[in-house]
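Asks: Pasting in a structure now, in structure tokens, and then I'll have a few things to ask.
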Amino acid sequence: MVQQPPSEGATQGDDETPPPPPTDIDLVIERFPGSFVPSWRYADQMPTVRVLPEHIREAISWLRHECQTRYDMLVDVGGSHWPDRDEPFEVTYILHSMTTNARIRVKCAVAAHGDELPVIPSIALIWAAANWPEREIYDMFGVEFTDHPDLRRILTPNDWEGHPLRKDFPLGEEPVEFYRSASAGA
Amino acid sequence: MTVPFSRWMRASDSPEQPGAVRPQALDAGGFSGASGVALTTVDRAVGWARANSIWPMLFGLACCAIEMMAMSAAKHDVSRFGAEVFRSSPRQSDLMIVAGRLSKKMAPVLRRLYDQMPEPKWVLSMGACASCSGVYNNYALVQGVDRIVPVDVYVPGCPPRPEAVIDGLIKLQAKIEYDKQFGKQFERAPVTVKA
Amino acid sequence: MVMLEETRTESGRMLLNMGPQHPSTHGVLRLMLELEGENVTQCIPDMGYLHTGIEKMCEARNYHQALVLTDRIDYLAPITNNLSYIMACEKLFDVGDKVPERAQVVRVMLSELTRIASHLIWLGTHALDLGAMTVFMYCWREREQILDIMENISGVRMMTSFMRIGGLVADVPDDFAGLVAEFVRIMPRKIDEYETLLSRNPIFIDRTRGVGVITRDGALEYGFSGSCLRASGVEFDVRVNLPYCAYETYDFDVAWSKEGDVYARYMVRMREMRESVRIIDQGAKRLLVLNGAPIRLDDPRITFPKREKIHSSMESLIHHFKLVSEGPVPLPGEAYAAVESPRGEQATYIMSDGSNKPHRVRFRGPSFYNLQVLQHTIAGGLVADVVACIGSIDIVLGEIDR
Ligand code: SF4
């Protein structure tokens, strides 16, 4: 890795919130203690908030059912692995509102303790769309989702070892052998 | 079947050689000719029949499968070469066209299907992925189907054009036709279609 | 590989394994069905038979090289994959709004051509599954015409990789306009032709009306997008709701329907093809005006210098060499870009750590979400409807398994 990403400290980031009227981001920060806007470049201008893992289920549920902008479509759930950060495993939820066409990105990051898998509460029970993506994150990054209805590997074979998208998993490239063709001479 | 009977002849059986069967005597339409007799070996006759009635198995894995479908559909129309009877069951087919990338999860399935095909059987590896995993040299793919099943013809390309696959098919037909049909077969050296 | 060891459960239900090698699963999807007579009581999909590790592979390639891998995710619509990846890159490099207009127009036209090509494959195979062989041949005839256009511009029939960060790899050749005009001229009549074969065909209607119904709430619950979502009564189209490539300036209607069954999805896609033809036509007119306009951004960080310059100036040669060997380097950050692929919202999510290779690339394949609902629509239906349901959702295993 060439450059360290700026650290996402829990204390900074509040100063980046835009002025009133309160956005959904402000409301999330207000309602769920410990949430903040990460100081990171979001080149797509999508409002982003990071919440604590213990609040993720309520936060998603609030955004879907109670918040003024009804975010009624779960666009994507994806994982990422940042080995240099304190909380290396990050899960990103992208929500979309059919009425206002607004989008919001909710992030959630956890650390792994020792050899155990990192744990995040699953939202598959409150939003069925998250079922398979969460299985995929479990498969690819080894993040365990508590209360998931059916947490199995989804893409790799059942007896696969390791989690391919973790940074410490090798790409598994095989060296290519080149033969001199017969017509090219010895 | 529109294959001229002159294809029965090996290069060494040229009509100039004394005693060789002249191609005119083997006119299409059967065993009429001047003498009313066609001379060939059973081996060659069976080979000719086998080569021109290949039943490929529908084994589409990825993008290459789309070009395989294009090969069998309008415009390219592989039935001109007697190989349009695509079967989905391995038990009814004698050619497996591996079209696409083979993941490690799929590899046991491929082998199982290959084992279910009746002898004699042939394998055509279609595309860069099937031949050597192409642009994806990584943990998830088998680096070439020849690690799982013996391959007779390699067709390069990503995806190969339908014409290229048809070319591979014709090369395979030639190979089938001139192979020994009974007893131990000749050693099968794989053929590669030149891109 | 898990195999079903027993073929019957205690209650006398039969377990049936469909796929991964089955002509009607449109790829290597595997379904484990539990049957009670003709009725499906349970269905468990099993994927991953095409897991290619594309996301991991992108992390080991630089931004230019990774483009080639994206073609092969959703292999029925390579252009839209390219486009979503390129748009995410452009956001990451902060050049998203500086792409020349001519490039945008060509992008739109190619996207719509791919949409038609993809819908044609869907229509052909779907009809074939339901027993209509003729449609298959008809559809491939027109698809070959689209592939000829693709070949004309890029030299390749399917995997064109025609986009570049900041524009296109090259300008379209002179005869592109003629080929497109010819296509636009014949296509509406050809769509009529397909419709005469299917839309009022009693066998087709019997097998599709009221089958595999997905309600509006169900569609939203399962993260549907694309034509499947629109067939369930939600008017959501990325091209309209979150426009990109200046789609808001084109005049077209979003096809949608309320029924949510297989027939509705068929109808929506047929209408979508007609709208796509309209968009292509408008694009072709704009292209005439923009003749000779630049097709690529001139930004030394990202785009290659002109070929003539490389031959004549040392700096350009070094610049070209650096861009090729090292690749462009964005600032740390992340970007999400979505396009409307033939199957729905196809998106790329790139995270950069400030090096020349992406830190993480995620592809949101619309079929991955659309397929989730399958187990619920199939369960309770008849075995014969299984293929109709799979076909109508229009899955591409390449983007499900990636
Ligand atoms: S060779 Fe290319 S087109 Fe064929 S399966 Fe591989 S990636 Fe797809």
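The values are calculated or read from the model by the stated rules, or taken from the named source; none is laboratory data. Remember, it's a predicted structure, so these values are computed and weren't measured experimentally. With ideal geometry, Cβ positions are generated from the backbone for all residues, glycine too; neighbour counts draw on all protein chains shown. SASA here: full protein model, heavy atoms, side chains in, ligands and nucleic acids out. Shrake-Rupley method; radii C 1.70, N 1.55, O 1.52, S 1.80 Å.
Asks: Need a quick list: helices (runs of 4 or more DSSP H) entirely within region C:77-175 having at least 1 residues that are within 16 Å of the ligand (Cβ to nearest atom) and either more than 30 Å from residue C:332 (Cβ to Cβ) or over 19 Å from the mean Cα position of the chain (by Cα) (or both). Reasoning before the result, please.
Replies: Values: elements: C:78-92, C:101-129, C:133-154.
Hits in region C:77-175: C:101-129, C:133-154.
Asks: Here's a follow-up. Could you please let me know if residue B:189 is of a type in the set (A, V, I, L, M, F, W, C), at pLDDT below 85 and more than 26 Å from residue C:159 (Cα to Cα)? It would help to see each step written out before you state the result.
Replies: On the way: of a type in the set (A, V, I, L, M, F, W, C): yes; at pLDDT below 85: yes; more than 26 Å from residue C:159 (Cα to Cα): yes.
Yes; evaluated as a whole, the condition is true for this residue.
Asks: I'd like to check which strands (runs of 3 or more DSSP E) are fully inside region A:58-137 and have at least 2 residues that are under 24 Å from residue C:242 (Cα atoms) and touching a Gly at 6+ places or on another chain (Cβ under 9 Å).
Replies: Values: elements: A:73-81, A:89-96, A:103-110, A:119-121.
Ranges flagged: A:73-81, A:89-96.
Asks: Could I ask something else about it? When the residues of region C:49-76 are narrowed to those that are under 18 Å from residue C:147 (Cα atoms) and of a type outside the set (A, V, I, L, M), which ends up nearest to the ligand (Cβ to nearest atom)?
Replies: The extreme case among them is C:72.
Asks: Only helices (runs of 4 or more DSSP H) wholly contained in region B:48-147 count here; list those with 2 or more residues that are free of Cβ contacts under 8 Å to residues at least 40 places away in the same chain and within 16 Å of the ligand (Cβ to nearest atom).
Replies: Details: elements: B:63-72, B:107-116, B:127-132.
Of the helices (runs of 4 or more DSSP H) lying wholly inside region B:48-147, those with at least 2 residues that are free of Cβ contacts under 8 Å to residues at least 40 places away in the same chain and within 16 Å of the ligand (Cβ to nearest atom) span B:63-72, B:127-132.
Asks: Limited to region C:14-66, what total is found for residues that are on the phi > 0 side of the Ramachandran plot and open to solvent by 50 Å² or more (accessible area, probe 1.4 Å)?
Replies: Narrowing region C:14-66 to residues on the phi > 0 side of the Ramachandran plot: C:19, C:26-27, C:37, C:48, C:53.
Next cut, open to solvent by 50 Å² or more (accessible area, probe 1.4 Å) only: C:37.
Adding up the residues that qualify gives 1.
Asks: Any residue in region B:149-173 that is more than 14 Å from every other protein chain (Cβ to nearest Cβ) and within 11 Å of the ligand (Cβ to nearest atom) sitting within a Cβ distance under 6 Å of a residue that is assigned to a helix (DSSP H, G or I) and not charged (D, E, K, R)? List the pairs, counting only those 6 or more apart or interchain.
Replies: From region B:149-173, the pairs are B:155/B:164; B:155/B:165; B:155/B:168.
Asks: If you go through region A:83-107, how many residues are touching a helix residue (DSSP H, G or I) at 6+ places or on another chain (Cβ under 7 Å) and of a type in the set (A, V, I, L, M)?
Replies: First, the residues of region A:83-107 that are touching a helix residue (DSSP H, G or I) at 6+ places or on another chain (Cβ under 7 Å): A:89, A:91, A:93, A:95, A:101, A:104, A:106.
Checking the rest, the ones that are also of a type in the set (A, V, I, L, M) come to A:91, A:95, A:104, A:106.
So the answer is 4.
Asks: So, one more: Filter region C:299-309 for residues that are of a type in the set (Asp, Glu) and free of Cβ contacts under 8 Å to residues at least 60 places away in the same chain and give the result.
Replies: C:308
Asks: Within region B:118-130, does at least one residue satisfy the condition of being over 16 Å from residue B:57 (Cβ atoms) and open to solvent by 10 Å² or more (accessible area, probe 1.4 Å)?
Replies: There is at least one residue in region B:118-130 that is over 16 Å from residue B:57 (Cβ atoms) and open to solvent by 10 Å² or more (accessible area, probe 1.4 Å).
Asks: Just for helices (runs of 4 or more DSSP H) wholly inside region C:199-303: which have at least 1 residues that are among the small types (Gly, Ala, Ser) and open to solvent by 10 Å² or more (accessible area, probe 1.4 Å)?
Replies: On the way: elements: C:202-208, C:216-221, C:226-231, C:238-241, C:262-289.
Those helices (runs of 4 or more DSSP H) span C:216-221, C:262-289.
Asks: Turning to a different aspect of this structure: Pairs please, first residue from region C:312-323 and in contact (Cβ under 8 Å) with a residue 60 or more places away in the chain, second anywhere and in a helix (DSSP H, G or I), Cβ atoms under 9 Å, 6+ apart in sequence or on different chains.
Replies: Listed pairs, sorted by first residue: C:323/C:64.
Asks: For region C:124-140, give me the residue count where each residue is in contact (Cβ under 8 Å) with a residue 40 or more places away in the chain and at negative phi. It would help to see each step written out before you state the result.
Replies: First pass over region C:124-140, keeping only residues in contact (Cβ under 8 Å) with a residue 40 or more places away in the chain: C:125-127, C:129-132, C:134-135, C:138-139.
When the remaining residues are screened for being at negative phi, the result is C:125-127, C:129-130, C:132, C:134-135, C:138-139.
Of the residues in that region, 10 qualify.
Asks: Since residue B:54 meets every condition but one in (1) at pLDDT 85 or above; (2) closer than 26 Å to residue C:81 by Cβ; (3) surrounded by 21 or more Cβ atoms within 10 Å (Cβ to Cβ), which condition does it not meet?
Replies: (2)
Asks: Of the conditions (1) surrounded by fewer than 21 Cβ atoms within 10 Å (Cβ to Cβ); (2) away from chain B (no Cβ under 12 Å), residue C:141 clears all except one; give me its number.
Replies: (2)
Asks: Restricting to strands (runs of 3 or more DSSP E) lying wholly in region C:312-402: which have 3 or more residues that are within 26 Å of residue A:91 (Cβ to Cβ) and more than 8 Å from chain A (Cβ to nearest Cβ)? Explain how you work it out, then say what you get.
Replies: Values: elements: C:333-341, C:344-352, C:360-364.
Of the strands (runs of 3 or more DSSP E) lying wholly inside region C:312-402, those with at least 3 residues that are within 26 Å of residue A:91 (Cβ to Cβ) and more than 8 Å from chain A (Cβ to nearest Cβ) span C:333-341, C:344-352.
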